[in-house]
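A.B. asks: This structure is in structure tokens; I'll ask about it shortly.
The values are calculated or read from the model by the stated rules, or taken from the named source; none is laboratory data. Treat the numbers as computed from the prediction; the structure is a model and nothing was measured. Note: ideal-geometry Cβ built from the backbone for every residue, glycine included; neighbour counts use all protein chains shown.
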Amino acid sequence: MPDFGAASFVKICGVTTLGDANAAIDAGASAIGLNLATSSRHLSLDRALAISEATKGRVVRTLIFYDNDDESIVHAIELIGPDAVQIHGALSDDLVAQLGQCDVRVIKALSIASDEFYAFDDGSVDAVLVDGATPGSGESHSWEELKDRRFVVPVIAAGGLNHENVARVIAESDVWGVDSASGVESSPGVKDRQRMNQFVANAHGAFRDRDSS
């Protein structure tokens, strides 16, 4: 079970191969994201299961869902047994109740440009991931909204993050975690090991610097 009380959280999202998963772990990532939503980084249940089983106990294995129906989400969790789930789109009270019966942490993704960003009751989840206006696009955005919108659970920053800007985002906000997919890739779904190494190192270094100041 992931420790959501740890000092920092660095996630490499959209992992599509075991080789990239191992490279993320070797780089020092806290978590990997396995995408079960429709996208260029989509994984079949069998592929997600294989990567999850091979990395169990070494990293926080997070299943990513985007408007998947409740039944398919619960089925995937029961089959794969992840450490955490990240839900984009609707999160019904019924699904919250079902997830509460699973041994997983729940991360709710919020678009910084949506009404849901301000209206969502984050007390029902373990963390929130704050993304840009078009989640998954890799486009950077402002973090000014976080100065006014306070959350009771840890906040993970996402959207256009890479090794060049991650330290600045951490220094200028009180986010607990950071997440990158396209920012550490050579092409969609293909991770670049050097970029991953730099991103993870810069993120952990920035968290240490911020917390010691």
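A.B. asks: Condition first: of a type in the set (A, V, I, L, M) and over 17 Å from Q194 (Cβ atoms). Now tell me which residues in segment 157-166 satisfy that.
C.D. replies: In the first step, residues of segment 157-166 are kept if they are of a type in the set (A, V, I, L, M); the result is 157-158, 161, 166.
Matches in segment 157-166: A157, A158.
A.B. asks: Quick test for you: out of F117, F65, pick the one residue that is outside any loop (DSSP other than H, G, I, E, B), free of Cβ contacts under 8 Å to residues at least 40 places away in the same chain, farther than 23 Å from I170 by Cα and not polar (S, T, N, Q). Lay out the reasoning, then the answer.
C.D. replies: On the way: F117 fails: farther than 23 Å from I170 by Cα.
None of the others qualify; the one that does is F65.
A.B. asks: Tell me, which residue of segment 130-155 that is of a type in the set (D, E) and within 17 Å of the chain's Cα centre (by Cα) is modelled with the highest pLDDT? Talk me through it step by step, then tell me what you get.
C.D. replies: As a first pass, look at segment 130-155 and keep what is of a type in the set (D, E): 131, 139, 144-145, 148.
Retained after the next criterion (residues that are within 17 Å of the chain's Cα centre (by Cα)): 131, 139.
Working: D131: 86, E139: 57.
So, considering only residues that are of a type in the set (D, E) and within 17 Å of the chain's Cα centre (by Cα), the one modelled with the highest pLDDT is D131.
A.B. asks: Here are the criteria: (1) under 16 Å from the mean Cα position of the chain (by Cα); (2) of a type in the set (S, T, Y); (3) over 23 Å from K191 (Cβ atoms); (4) surrounded by fewer than 17 Cβ atoms within 10 Å (Cβ to Cβ). Tell me which single one Y118 does not satisfy.
C.D. replies: Among (1) under 16 Å from the mean Cα position of the chain (by Cα); (2) of a type in the set (S, T, Y); (3) over 23 Å from K191 (Cβ atoms); (4) surrounded by fewer than 17 Cβ atoms within 10 Å (Cβ to Cβ), Y118 violates only (1).
A.B. asks: I want to confirm something. Restricting to segment 6-50 and keeping residues that are among the β-branched types (V, I, T) and in contact with a Lys or Arg (Cβ under 9 Å, 6 or more places away or on another chain), which single residue is surrounded by the fewest Cβ atoms within 10 Å (Cβ to Cβ)? Reasoning before the result, please.
C.D. replies: As a first pass, look at segment 6-50 and keep what is among the β-branched types (V, I, T): 10, 12, 15-17, 25, 32, 38.
In the following step, the residues that additionally are in contact with a Lys or Arg (Cβ under 9 Å, 6 or more places away or on another chain) were identified as 12, 15-17, 25, 32.
Details: I12: 29, V15: 34, T16: 21, T17: 15, I25: 18, I32: 26.
Out of the qualifying residues, it is T17.
A.B. asks: Another one. Tell me which residues, restricted to segment 162-212, are aromatic (F, W, Y) and either touching a helix residue (DSSP H, G or I) at 6+ places or on another chain (Cβ under 7 Å) or at pLDDT 95 or above (or both).
C.D. replies: If we filter segment 162-212 for residues that are aromatic (F, W, Y), which is where we start, we get 176, 199, 207.
Residues satisfying the conditions are F199, F207.
A.B. asks: Next question, about the same structure. On the phi > 0 side of the Ramachandran plot and either touching a Lys or Arg at 6+ places or on another chain (Cβ under 9 Å) or outside any strand (DSSP E or B) (or both): is that true of G160 in this structure?
C.D. replies: Numbers: on the phi > 0 side of the Ramachandran plot: yes; either touching a Lys or Arg at 6+ places or on another chain (Cβ under 9 Å) or outside any strand (DSSP E or B) (or both): yes.
For G160, the condition - on the phi > 0 side of the Ramachandran plot and either touching a Lys or Arg at 6+ places or on another chain (Cβ under 9 Å) or outside any strand (DSSP E or B) (or both) - is met.
A.B. asks: G89 fails exactly one of the following numbered conditions: (1) surrounded by fewer than 21 Cβ atoms within 10 Å (Cβ to Cβ); (2) at pLDDT 90 or above. What is the number of that condition?
C.D. replies: Only one criterion is unmet by G89, namely (2).
A.B. asks: For segment 180-196, which positions are without any contact (Cβ under 8 Å) to a residue 60 or more places away in the chain and assigned to a strand (DSSP E or B)? Talk me through it step by step, then tell me what you get.
C.D. replies: Taking segment 180-196 and keeping what is without any contact (Cβ under 8 Å) to a residue 60 or more places away in the chain, we get 183, 186-187, 192, 194-195.
S186, S187 - these are the residues of segment 180-196 that are without any contact (Cβ under 8 Å) to a residue 60 or more places away in the chain and assigned to a strand (DSSP E or B).
A.B. asks: Taking into account only those residues within segment 92-112 that are in a loop (DSSP other than H, G, I, E, B) and among the aliphatic types (A, V, I, L, M), which is modelled with the lowest pLDDT? Quick ask: steps written out before the conclusion?
C.D. replies: Step one: filter segment 92-112 for residues in a loop (DSSP other than H, G, I, E, B), giving 92, 101-104, 112.
If we keep only those that are among the aliphatic types (A, V, I, L, M) as well, we get 104, 112.
Numbers: V104: 94, I112: 82.
Here the residue is I112.
A.B. asks: Another one. Of the numbered conditions (1) at pLDDT 85 or above; (2) over 20 Å from S92 (Cα atoms), D115 fails exactly one; give the number of that condition.
C.D. replies: Single failed check for D115: (2).
A.B. asks: Please pick out the residue among I51, I32, I73 that is at pLDDT 95 or above, under 16 Å from the mean Cα position of the chain (by Cα) and either in a helix (DSSP H, G or I) or not charged (D, E, K, R) (or both).
C.D. replies: Numbers: I51 fails: under 16 Å from the mean Cα position of the chain (by Cα); I73 fails: under 16 Å from the mean Cα position of the chain (by Cα).
Criteria check complete, one pass: I32.
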